[in-house]
Amino acid sequence: MQHDAAYWLQQIRALDLPERVKIMNVCGGHERSITMAGLRGALPKNIELIPGPGCPVCICPEEDVYQAIQLALNEKIILVAFGDMLRVPVNVPKGEPRSLDAARAAGADIRPIASPTEAVQIARDNADVPVVFFAAGFETTTAPVAAMLAAGVPPNLSVLLSGRLTWPAVAMLLEAGKPGFDALIAPGHVATIMGADEWDFVPTQHGLPAAVAGFTPESLLAATYSVLRQLLADRPFLDNCYPQLVRPAGNVSARRQLAQMMDVVDANWRGVGVIPASGFGLKSTLSLHNARLCFPTYEDPVRKRAGEMPPGCDCAQVVLGKIYPDQCRLYGSACTPRTPVGPCMVSDEGACRIWWASGVREAKVA
C-alpha cells in the first residue's frame, strides 16, 4: 500500500526525536522537491534538511569551463554543451568572456543541447566542421554519453569530458572527521544507474543511517522517516525507498557501457579540491574522440587550486553542506539568477538557485 505525504508526516511527528537531527540530501533534484513542496516547513523544527554535493554544474572545475571557453573562441569548431553549463562563470580579467554564453556573444559557435543524441546530429549535419561536446555531469548524465560513444559517433565529434561520481564526495565528508550530518538521503537518479548498494558504505563503514529516495514528497518523507527510525533504534542500514526504479545493482547495461568507455580517475571538484577516484576519463581507445588530445590545451594550472570560486562566493561551503544558501555573503545581493556570481545560482540543481526560486530572496544577517 502506498502512503501519502500526510501519513508520513504524521509518523515522523509521532517520533520521540532528539533536540536536533541533521539529514543531508545529496541530490539537486531532491533539494528542488524538498524546497518546492515546503517540506522543511512541514517537518518538526528539530529536523534540519541539508542540501549536499548534488549539483554537477556547481562542482565542474573552473579549468574545464575555461578550457571549453577558450576552445570555442580560438579553434574553428562548434562547441555543444548542456544548457546549464553556458552560464557558469569563471574568473578572468575584466572584459574577457567569463562564460560560454559570453563567448557565444563574442562570436564563438556554441550551442546548448539537452541530450547526447543532439550532439551526434549536429556533428552529422556539419560533417566538415569539428564538433566538441563539453560533457559535464554526474553518473546519470555521463551514462548516456558512454552509450553514445558505445554506439559509435561521427569522426568529427570529440568529447571534452568532465564527468563525476557522486558517492566519493560523501565519502570524503564522512572521512574528514565528525560529519556535519546524522543521516543521509541518497540520490534516486544516480542509484537508478549505479545501484542502491553503492551507498551501503554509509551505514556499514560510518555507522550512519541511509535511505535511497525518489522525487515525490511521499518518497522523500518515507526516506526521512526511515533514517529517523534507524537513528532512534541505533541500527543503521541502507533502505531503498525508491524500489519502483532502483535495484541493488542498478542498470547493468548502463554500468557496463560506462566501464567499457571510461576509466575512473582522480578528479578536481570546484571549490573542494581533488577527490580520489571521483571522475570519469575517456579510455585510451577513444583518443580520436578525446577533445583534450585532439586540440591544443588551453588549461591554466593556476585554476586548479581548491578554493577557486569568485571573490566573496561561498558556493563551495553550500555544496559541502557547511552553510545554507542564504548564509552566503553574496546571496540575493550581488548574486542572483539574472547576475550569477557563483555556479550554485546558475543551475536548476544548484541549491542557491532553488532557494531563490522558492521565494528566499535575501541573505540571513550574520
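The values are calculated or read from the model by the stated rules, or taken from the named source; none is laboratory data. Here the structure is a predicted model, which is why all the values come from computation and not from measurement. Here Cβ is always computed from backbone atoms with ideal geometry, including for glycine, and neighbour counts include all displayed protein chains. Ligands, DNA and RNA are excluded from the accessible area calculation, which covers all protein heavy atoms including side chains. Shrake-Rupley method; radii C 1.70, N 1.55, O 1.52, S 1.80 Å.
At-a-glance table
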{"item": "Antiparallel DSSP beta bridges within the chain, as percent of all bridges there, nearest 5", "result": "20 percent"}
{"item": "Size of charge dipole - the stretch 1-134 - debye, nearest 20, with Cβ of Lys, Arg +1 and Asp, Glu -1, no other charges", "result": "420 debye"}
{"item": "Cysteines without a disulfide-compatible neighbour (Cβ-Cβ under 4.7 Å), the chain", "result": "Cys27, Cys60, Cys241, Cys294, Cys313, Cys328, Cys335"}
{"item": "Length-normalised contact order for the stretch 65-144 - Cα pairs under 8 Å, 6+ apart - percent", "result": "37 percent"}
{"item": "Selection from Leu221, Ile59, Ala169 lying farthest towards where the dipole of the stretch 16-355 points positive, charges on Cβ", "result": "Ile59"}
{"item": "Positive minus negative residues near Ala222 (Lys, Arg vs Asp, Glu; Cβ under 12 Å)", "result": "-2"}
{"item": "Centroid-to-centroid separation of the stretch 304-366 and the stretch 1-30 [C-alpha atoms, Å]", "result": "26 Å"}
{"item": "Cβ-based net charge around Leu173, under 13 Å, with every Lys or Arg adding one and every Asp or Glu removing one", "result": "+1"}
{"item": "Cβ charges +1 (Lys, Arg) and -1 (Asp, Glu), total dipole of the chain, debye", "result": "420 debye"}
{"item": "Gaussian network model of the chain, springs between alpha carbon atoms under 10 Å - residue of His189, His30, His206 with greatest fluctuation", "result": "His206"}
{"item": "Charge dipole (debye, nearest 20) of the stretch 76-123; +1 at Cβ of Lys and Arg, -1 at Cβ of Asp and Glu", "result": "160 debye"}
{"item": "Anchor Lys178: lysines whose Cα lies under 22 Å away (excluding residues fewer than 8 positions away in-chain)", "result": "Lys22, Lys322"}
{"item": "Heavy-atom accessible area per residue - the chain, 1.4 Å, Å²", "result": "42 Å²"}
{"item": "Of all accessible heavy-atom area on the chain, the percent that carbon and sulfur account for (1.4 Å)", "result": "52 percent"}
{"item": "Label-point separation, Glu299 to Asp200 (7 Å along Cα→Cβ), nm", "result": "3.6 nm"}
{"item": "Peptides ranked, highest mean first, by Cβ atoms within 10 Å: ranges 220-231, 272-283", "result": "220-231, 272-283"}
{"item": "Cα lying deepest toward the dipole's positive end in the stretch 16-355, options Val145, Val90, Ala316, charges on Cβ", "result": "Val90"}
{"item": "Gain on full stretching of the segment that runs from Leu232 to Gln260 - 0.36 nm per residue minus C-alpha separation", "result": "5.8 nm"}
{"item": "Alpha carbon centroid spacing (whole Å) that separates the stretch 206-266 from the stretch 142-193", "result": "14 Å"}
{"item": "Cα-projected label distance for Ala147 with Arg329, points at 7 Å along beta-carbon direction, nm", "result": "4.4 nm"}
{"item": "Sequence-separation-based contact order of the stretch 1-97, relative, with Cα cut under 8 Å and 6+ spacing, percent", "result": "25 percent"}
{"item": "Gyration tensor verdict on the stretch 208-300 (Cα atoms; rounded if a/c is under 1.5, prolate if a/b is larger than b/c, oblate otherwise)", "result": "prolate"}
{"item": "Relative contact order computed over the chain (Cα-Cα under 8 Å; 6+ residues apart), in percent", "result": "22 percent"}
